[in-house]
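The values are calculated or read from the model by the stated rules, or taken from the named source; none is laboratory data. A quick note: this is a predicted structure, and the numbers were derived from the prediction, not measured. Cβ sites come from the backbone with ideal geometry, for glycine too, and all protein chains shown count toward neighbours.
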Amino acid sequence: MAKKSKKSDFISTGTVAENHRARFDYNISDTYTAGLVLTGTEVKSLRLGHANIRDAYGIIEKDELYMSNMFIAAYDNQGYASHAERRNRKLLLNHKEIIKIMNALSRKGSTLVALKLFFDNNGRAKLLIGLGTGKKLYDKRETAKERDWNREKARIMAH
């Protein structure tokens, strides 16, 4: 029997999942907030915080944007219907934003990366997505070096 979840376990507003690795691996140029087309069990699973967007990326199908490889776990207390955990989920954006993103994705080296999955103040699931280009290894080393220096500088200033 599935574990009963309490009302206090649900996330009504705030962050569900965040991709901390994205800003390290990619130079993010533009960010957009997109709605998602979800089923009922997916929303219930998200409210419990059962999602992973680390491997998610954007794809174009029939002049629409989809988020592929985004993991939303199956809902434990489901009835007869469930959802596929890693299916393509449609992104809801304005037409101008979709055209702008599709033009950017047509350039070599560009990708659409999921940055943060959250519920807004109205209780709707939103996805913060970013247009980025992949960093080279030396860029990643420079980022790590700069982060360590800032941490050390903060320690020195504290004492």
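For every residue, the table says whether it meets (1) polar (S, T, N, Q); (2) closer than 28 Å to Ala51 by Cα; (3) buried (at least 17 other Cβ atoms within 10 Å of the Cβ).
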{"position": "Leu112", "(1), (2), (3)": "no, yes, yes"}
{"position": "Asp120", "(1), (2), (3)": "no, yes, no"}
{"position": "Arg124", "(1), (2), (3)": "no, yes, no"}
{"position": "Glu146", "(1), (2), (3)": "no, no, no"}
{"position": "Arg151", "(1), (2), (3)": "no, no, no"}
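When segment 17-43 is limited to residues that are touching a Leu at 6+ places or on another chain (Cβ under 7 Å) and either without any contact (Cβ under 8 Å) to a residue 24 or more places away in the chain or part of a loop (DSSP other than H, G, I, E, B) (or both), the one that is farthest from Leu65 (Cα to Cα) turns out to be Asn19. Take the conditions (1) within 22 Å of Asn122 (Cα to Cα); (2) of a type in the set (D, E, K, R); (3) exposed (fewer than 15 other Cβ atoms within 10 Å of the Cβ); Lys90 misses just one of them, which is (3). Here Leu46 meets the list (1) surrounded by 14 or more Cβ atoms within 10 Å (Cβ to Cβ); (2) under 20 Å from Gly132 (Cβ atoms); (3) modelled with pLDDT under 90 almost entirely, failing just condition (2).
Among the candidates Tyr75, Tyr80, which residue alone is surrounded by 10 or more Cβ atoms within 10 Å (Cβ to Cβ), at pLDDT below 90 and not charged (D, E, K, R)?
Working: Tyr80 fails: surrounded by 10 or more Cβ atoms within 10 Å (Cβ to Cβ).
Tyr75 is the lone residue from the list that is surrounded by 10 or more Cβ atoms within 10 Å (Cβ to Cβ), at pLDDT below 90 and not charged (D, E, K, R).
For (1) among the polar types (S, T, N, Q); (2) in contact with a helix residue (DSSP H, G or I) (Cβ under 9 Å, 6 or more places away or on another chain), each residue gets a yes or a no:
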position: Ser68; (1), (2): yes, no
position: Ala73; (1), (2): no, yes
position: Asn77; (1), (2): yes, yes
position: Ala81; (1), (2): no, yes
position: Lys90; (1), (2): no, no
position: Leu93; (1), (2): no, yes
position: Lys96; (1), (2): no, no
position: Ile101; (1), (2): no, no
position: Leu105; (1), (2): no, no
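Just one of (1) touching a Ser or Thr at 6+ places or on another chain (Cβ under 9 Å); (2) farther than 16 Å from Ile11 by Cβ fails for His95. It is (1). Of everything listed in (1) in contact with a strand residue (DSSP E or B) (Cβ under 7 Å, 6 or more places away or on another chain); (2) crowded, with 18+ Cβ neighbours inside 10 Å; (3) more than 21 Å from Arg23 (Cβ to Cβ), the single unmet condition for Met102 is (2). When we screen Asn121, Asn69 for residues that are at pLDDT 90 or above, out of contact with any strand residue (DSSP E or B) (no Cβ under 8 Å at 6 or more places or on another chain) and under 23 Å from Glu18 (Cα atoms), the only hit is Asn121. Restricting Thr33, Thr15 to those that are out of contact with any Gly (no Cβ under 6 Å at 6 or more places or on another chain), modelled with pLDDT of 85 or more, surrounded by fewer than 14 Cβ atoms within 10 Å (Cβ to Cβ) and β-branched (Val, Ile, Thr) reduces the list to Thr15.
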